[in-house]
Structures are given as C-alpha cells and as structure tokens.
Amino acid sequence: MEIHGFVKTTLLDYPGHLAATIFTGGCNFRCPFCHNASLVLSPAAQPVFDEAEVFNTLRKRTGILEGVCITGGEPTLYSGLAEFIGRIKDLGYLVKLDTNGNNPHIIKELVKNGYLDYVAMDIKNSRVNYGLSNGLSDFDTRRVEESVSFLLSGTVEYEFRTTVVREHHTREDMLEIGKWLEGASAYFLQPYKDSEDVILSGLTAPSKTDMSSYKDLLKPYIQNVQIRGMD
C-alpha cells in the first residue's frame, strides 16, 4: 500500500466516530470535479507516508480513536488492501471504505471476510450521464450497478453520496438516481466546492435552492436524504 495522506484525527470522515483517515493514490476514474486531482493524476509525485509510522500512530491511539477511513484516489486498486485492512482490524478499529464502486468483487470479498464496517460509495451521475461525470466516455455502468445492488442488500452499513455540480446534474439526472437507489438507507448530496486541486477548473456549485429541490425530488424514493457540506 502506498499512503499519500494521513489525517490522525477527524470527526468528519466516519459518521458518528472519531477516526483517522488514510489516503491512497491512483484512480480508475477521472471525475472533472475531483478535489484530489494530484492523488489521481500524479500519485508518484506525491509524498509517501511510511506505513510503519502510520501503524505506530494507530497503535498509540487505540482507546482514543474508534475507526479508520480509507479513501483516495481509489483504494480498491491495491492488491494489498485486504491484508492492510486486516492489520487495522487486528488493532480493534472499525474500518470505513470510500470507493467509486467500479470493483464490486473487491468490495464483496472485503465484506465477506469481515474487513469492512461501513462503505461510502460515490454515485457520479445518472447512468446515462455517468461518463460525463467520471471522465470516461462511453462508460459501461454494469460494475457500478453491481456494487449498488450489493450495498442495497444491506450486508454492510453503507451510504451513497453524490457531489452535485451545476454543469453536470439536472433534475432529470437526480430523479433517475432516486429511482436507481430506491430504498437506500442513506444518500448524501454534497455541493461541489472549487479548489486549486480539481481536475477541471470552471465548474460551479448549485444554489441552495436547487440543492433543496433535489432533496425534495429524491424523498419519495429514499427516505434518508441529506445535504452535507453546504454553508
């Protein structure tokens, strides 16, 4: 595992738990609005955190921290992910995985082996416009759909989430997402936030009115819809 970021304490990344967050590099998507562009496009050029030091910190903080969030980039690209998570679980931590869902076999195997306590899966857009929002033209959504179906089965605690971008998402897109995720236990809408480390500049956030409208539009399909990160 190549660790390119390590936040020792966070109340934001693992709902309901004091946690640490580990960032991996590299991704199989190229989402224009990604705010970790350096991790996605040039992970080899980013600083690397010593794995032994990370685990040393986690050992010292047992009894203080409750969980560890593994994010990226896309963590499921790493062949050593299961072993890595196993070592974290051996310390007694809960583990949350952030993923784009394009490697459903990895997610299923990790859950089957008891390595994951929570999965947060990004939903980039409606299926017809998925390639627009993950940066891959003519994208086949079948593997993403497989991950969605697996999480909807309730085998592991989960949430879906969408970064909402004015230039990418319409009411029609949000309605299609609602029908796709119908019955989900939790769905979070996150307004796009511009930064110097996005893949494509010039994108903008939807208005508060639009975000509230999308939330109302989704309510008939998903009872627990929330807006996260809006000022």
Only one residue in 131, 154, 202 is touching a Ser or Thr at 6+ places or on another chain (Cβ under 8 Å) and assigned to a loop (DSSP other than H, G, I, E, B). Which one? 154
Of the residues in the stretch 6-25 that are touching a helix residue (DSSP H, G or I) at 6+ places or on another chain (Cβ under 9 Å) and surrounded by fewer than 19 Cβ atoms within 10 Å (Cβ to Cβ), the one that is farthest from residue 64 (Cα to Cα) is 6
Every pair of residues 6+ apart whose Cβ atoms lie under 7 Å, when the first sits in the stretch 107-123 and is within 27 Å of residue 33 (Cα to Cα) and touching a residue at least 24 places away in the same chain (Cβ under 8 Å) while the second is open to solvent by less than 10 Å² (accessible area, probe 1.4 Å) and of a type in the set (Asp, Glu): 120/159
Looking at the structure I just gave you, is residue 145 surrounded by 14 or more Cβ atoms within 10 Å (Cβ to Cβ) and not in a loop (DSSP other than H, G, I, E, B)? yes
Do we find that residue 198 is closer than 23 Å to residue 41 by Cβ, buried (at least 17 other Cβ atoms within 10 Å of the Cβ) and touching a Leu at 6+ places or on another chain (Cβ under 6 Å) in this structure? no
Out of the stretch 148-195, which residues are open to solvent by 40 Å² or more (accessible area, probe 1.4 Å) and within 15 Å of residue 221 (Cβ to Cβ)? 152, 171, 172, 175, 176, 179, 182, 183, 185
Within the stretch 80-102, is even one residue touching a Cys at 6+ places or on another chain (Cβ under 7 Å) and either among the polar types (S, T, N, Q) or open to solvent by less than 10 Å² (accessible area, probe 1.4 Å) (or both)? yes
Which residue, of 101, 73, is assigned to a loop (DSSP other than H, G, I, E, B), within 21 Å of residue 158 (Cβ to Cβ), in contact (Cβ under 8 Å) with a residue 40 or more places away in the chain and in contact with a Phe, Trp or Tyr (Cβ under 8 Å, 6 or more places away or on another chain)? 73
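The values are calculated or read from the model by the stated rules, or taken from the named source; none is laboratory data. Keep in mind it's a predicted model, so treat the numbers as computed, not measured. Here the Cβ is made from the backbone with ideal geometry for all residues, glycine too, and neighbour counts use every protein chain on show. In case anyone asks, the SASA skips ligands and DNA or RNA and just uses the protein heavy atoms, side chains included. Shrake-Rupley method; radii C 1.70, N 1.55, O 1.52, S 1.80 Å.
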